[in-house]
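**Q** Just dropping this structure here.
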Amino acid sequence: MGLVGTILSLPVAPVRGVGWVVDKVRQVAEDEYYDPGPVQEELVNLEQARTEGRIGEEEFTRREDELLGRLAEISAYRLQQQRETES
């Protein structure tokens, strides 16, 4: 882009900057939301709570199903991201 193009595009530079920041915030939020680590840790804590008798079988089964569903969602998302990256 030449000097004239650079000068003419200066008024929209803040908009591009805001767009970049919003994209980075979205990316970090997605990375945190689709991180399997906390879900796996919760599964370990859930098993420990059941072993120690702090929760019953019914509660354990319900929560375990929720967490395993969340892990499946994370796995599907990561697979989709990998396919998009390879394309």
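FYI, it's all coordinate maths here, none of it is from the lab. If you're wondering where the values come from, they're calculated on a predicted model, not measured in any experiment. Neighbour counts run over all protein chains shown; Cβ positions are idealised from the backbone, glycine included.
**Q** Using a Förster distance of 25 angstrom, determine the FRET efficiency expected from the C-beta separation of E59 and Y34, and round it to 0.05.
**A** Values: r = 26 Å, r/R0 = 1.04.
The formula returns an efficiency of 0.45 here.
**Q** Roughly how tilted is helix 57-86, in degrees to the nearest 10 and between 0 and 90, from the longest Cα axis of the chain?
**A** Tilt of helix 57-86: around 30 degrees.
**Q** Take every Cα pair under 8 Å in the chain that's 6+ residues apart, average their separations, divide by the length, and report that relative contact order as a whole percent.
**A** On the way: 20 pairs, mean separation 24.6, N = 87.
Rounded, it is 28 percent for the chain.
**Q** Moving on. Would you mind checking which residues have amide H under 5 Å from I55's amide H? H placed 1.01 Å from N; only 5 or more apart, or other chain.
**A** The answer is R50.
**Q** Still on this structure, I have one more. With N set to the residue count of the chain, report its C-alpha Rg divided by 2.2 N^0.38 Å to two decimal places.
**A** Against the compact-globule rule of thumb, the ratio is 1.84.
**Q** While we're looking at this one, here's another question. Show me the trypsin sites (Lys or Arg not before Pro) within the range 1-80 that DSSP assigns to loop and that have at most 16 other Cβ atoms within 10 Å of their Cβ. Before the final figure, lay out the partial values.
**A** Numbers: sites: R16, K24, R26, R50, R54, R62, R63, R70, R78; in loops: R54.
Sites meeting the loop and neighbour criteria: R54.
**Q** Based on DSSP H runs of at least 4 residues, each adding -39500 (n - 2.57), what is the mean residue ellipticity at 222 nm of the chain after dividing by all its residues, to the nearest 500 deg cm²/dmol? Numbers along the way, then the final one.
**A** Numbers: 4 runs with 74 residues, N = 87.
Rounded to the nearest 500, the figure is -29000 deg cm²/dmol.
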